Amino acid sequence: MGVRRTLELVRKSVRYLELTPPVAIPANRKMRGRLKQRRCGPFCSLPAFHQRGLLKRHTIIAGSAVGTLPPIHGRQSRTYTASRRWFTIRASSACYGSGVSTGWFQCEVSYALCPPVHAGALELEEGTTMTTQRIRDFLATRRPDGPCLVVDLDVIRENFHAFRHAMPDSAIYYAVKANPAPEVLKLLAGLGSNFDCASVAEIEMALEAGATAARISYGNTIKKERDVARAHALGVSLFAVDSHEEVEKISRAAPGARVFCRVLTDGEGAEWPLSRKFGCVPQMAVDVLVYAHQLGLQSYGVSFHVGSQMTKVDAWDSALADAKRVFVQLAKQGIHLQMVNMGGGFPTRYLRDVPSAEAYGKSIYQALRTHFGNQIPQTIIEPGRGMVGNAGVIKAEVVLISKKSDNDDARWVFLDIGKFGGLAETMDEAIRYPIRTERDGDEMEPCVIAGPTCDSADVLYEKNLYPLPLSLTIGDEVLIEGTGAYTTTYSAVAFNGFEPLKAYVI
Ligand SMILES: Cc1ncc(COP(=O)(O)O)c(C=O)c1O
């Protein structure tokens, strides 16, 4: 293929791919901190390559599919997929210009321009929008004013069935905190879900939705004693603990109840880690459960949470190994645990593809077999994000587009929703939501995206600029996808007078 034809092909198919910020860890010391793919075959000639902002701020990778480009190799077990943050690029004089030696380099890529044939799973495909037809129809006919979340119950139903199918032997305890809308709870209660609740208010919501107390777990390890008593009075008999002190409260306020002890996990691989604050080391879990037994409680099991938006399907393995050790230690003392609560962590697809529920199911089952052999205990899963995340879309509006100086590289796009309006999980730019506009076919430019409040922390994406159409205009509507989880509940206060996020469940 001639260079001209290749360029044309690439130009047509170039996409901005959402990856992580550029950090270079060169294998070759000479290159330390200077990893720049200045020369990458025909890419250096692409207009997009010269686009303002990109050249300075972003690493650009190109695939072997384009004519004469040097291939980008995966190394050893690392595969070239969207779920991996690391790419290994074989440096060569073709990549780095003259005078640079060869060697293996790892670089984390921010925006990559790739021909789709090579980009494959990396791409934010047009066909993969999470805005369902029902949501589109709702927005088109109801035309709600102001930012709002629209949740499609059909998607939640599908997710529930996918979990049930992928993990048929595990009881599903939906994590109410992810989205406690009454319609969502009612649907799940009707489908046979159990509920993981973090407070008495959530317990009451689950009961209101039709769940019996026997289907509720009070999964927060931090509870007031009077709340334990209220839950107990409502009939709840399953409680999480991670300390001796909490065991004492439960023994007083809910005598005879079942308790499970949460163990710490490292949260590695999770985009929203839950490590450190909850759980204790496995050896302490043994002591806590022995103590519970001594205080007349039923030491029932072990729990853990591998971290939210966990994209590694094998992340449950080491936590299950820990759980097994706790089982063994307690059995030596005549206490026979019955249950492992494997928590949530199942991801939603944001900008990158994530493994299916089935892939998690297989990997978790494998880990259970490895560690528990033929004596697999009762298991629980507590999906929150994975159950409702992809069911919701936030409709928002562009309030202002401006720059900070004439020669500013990036435009600032201010929306009528921000961190305090429900998008709290953009903290540290942890969760990057897909943002759709009517103009997505147009030329794109990396932008800063910020919310409408007078708080300078209310910036969604700045360290990693977000590609939006150059033609985007004040007043345009944008759809923020994958927002069914952890949005409405975070916007419970009208900060700066902006109303809490409205939600419509359809
Ligand atoms: C105890 C517990 N279970 C389940 C979940 C739900 O996790 P996810 O939304 O990652 O599925 C959480 C989230 O914070 C949690 O704290």
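Derivation of every value follows stated rules applied to the coordinates shown; laboratory data play no part. Fair warning: this is a prediction, and the values are worked out from it, not measured in the lab. Cβ sites come from the backbone with ideal geometry, for glycine too, and all protein chains shown count toward neighbours.
Just how far, in whole angstrom, is region 340-374 from region 232-274 if you go by their alpha carbon centroids?
Centre-to-centre distance over Cα atoms comes out at 22 Å.
Please compute the net charge surrounding Ala209, taking Lys and Arg as +1 and Asp and Glu as -1 over other residues with Cβ under 13 Å from its Cβ. Provide the component values of the computation, followed by the final result.
Numbers: positive: Lys186, Arg215; negative: Glu183, Glu202, Glu204, Glu208.
Net charge around Ala209: -2.
Among Tyr504, Tyr350, Tyr174, which comes first, then next, by fewest other beta-carbon atoms within 10 Å? Don't skip to the end; give the middle numbers.
On the way: Tyr504 18, Tyr350 22, Tyr174 32.
Fewest-to-most ranking of Tyr504, Tyr350, Tyr174: Tyr504, Tyr350, Tyr174.
Among the listed pairs Lys404/Lys502; Lys177/Lys223; Lys186/Lys277; Lys395/Lys419, which have their C-alpha atoms separated by more than 25 angstrom in this model?
Working: Lys404/Lys502 32 Å; Lys177/Lys223 15 Å; Lys186/Lys277 31 Å; Lys395/Lys419 15 Å.
Pairs exceeding the cut-off: Lys404/Lys502; Lys186/Lys277.
Please report the relative contact order for region 137-221, taking Cα pairs under 8 Å with a sequence separation of at least 6, and give it as a percent rounded to a whole number.
Working: 84 pairs, mean separation 21.7, N = 85.
RCO, region 137-221: 25 percent.
Assuming 1.567 mPa s and 4 °C, estimate D for region 153-388 with Stokes-Einstein, Rh taken as the Kirkwood radius over Cα pairs, in µm²/s. Let's see the in-between values first.
Values: Rh = 17.6 Å.
In µm²/s, the coefficient rounds to 74.
Could you work out Rg/(2.2 N^0.38 Å) for region 181-319, with Rg from alpha carbons only?
Values: Rg = 15.4 Å, N = 139, 2.2 N^0.38 = 14.3 Å.
Normalised by 2.2 N^0.38 Å, the Cα Rg of region 181-319 equals 1.07.
Place a label point 7 angstrom from the Cα of Ala214 along the Cα-to-Cβ direction, then list the residues of region 156-193 whose backbone nitrogen is under 15 Å away.
The answer is 192-193.
If each residue's Cβ is checked for other Cβ atoms within 10 Å, how do Met444, Met339 rank with the fewest at the top?
Numbers: Met444 21, Met339 18.
So the residues, fewest neighbours to most, are Met339, Met444.
In whole percent, what relative contact order does region 255-303 give with Cα contacts below 8 Å and a gap of six or more residues?
Working: 65 pairs, mean separation 26.5, N = 49.
Taking the mean separation of contacting Cα pairs over the length of region 255-303, I get 54 percent.
Which of the trypsin sites (Lys or Arg not before Pro) across region 194-279 are loop residues per DSSP, with 13 or fewer other Cβ within 10 Å? Spell out each step's value before the answer.
Values: sites: Arg215, Lys223, Lys224, Arg226, Arg230, Lys249, Arg252, Arg258, Arg262, Arg276, Lys277; in loops: Lys223, Lys224, Arg276, Lys277.
The qualifying sites are Lys224, Arg276, Lys277.
Short version: what are the Cα gyration tensor semi-axes of region 344-466, square root of 5 times each eigenvalue, largest first, in whole Å? Spell out each step's value before the answer.
Numbers: eigenvalues 310, 44, 34 Å².
Value: 39, 15, 13 Å, ordered largest first.
Report the net charge of residues surrounding Ser491, where surrounding means a beta-carbon distance below 10 angstrom and charges are Lys +1, Arg +1, Asp -1, Glu -1.
Working: positive: Lys419, Lys502; negative: Glu499.
Charge balance near Ser491 sits at +1.
Rank the residues Glu445, Glu382 as a footprinting-exposure proxy: fewest other Cβ atoms within 10 Å of their Cβ go first.
Details: Glu445 22, Glu382 28.
So the ranking, lowest neighbour count to highest, is Glu445, Glu382.
May I ask you to derive the relative contact order of region 153-388, considering only C-alpha pairs under 8 Å and at least 6 residues apart, and to give it as an integer percent? Let's see the in-between values first.
On the way: 496 pairs, mean separation 50.3, N = 236.
Computed value for region 153-388: 21 percent relative contact order.
Let me know the shape class of region 120-247, please: from the alpha-carbon gyration tensor, a ≥ b ≥ c as square roots of the eigenvalues, rounded when a/c is under 1.5, otherwise prolate if a/b is greater than b/c, or oblate. Provide the component values of the computation, followed by the final result.
Working: a/c = 2.24, a/b = 1.84, b/c = 1.22.
Cα axes put region 120-247 in the prolate bin.
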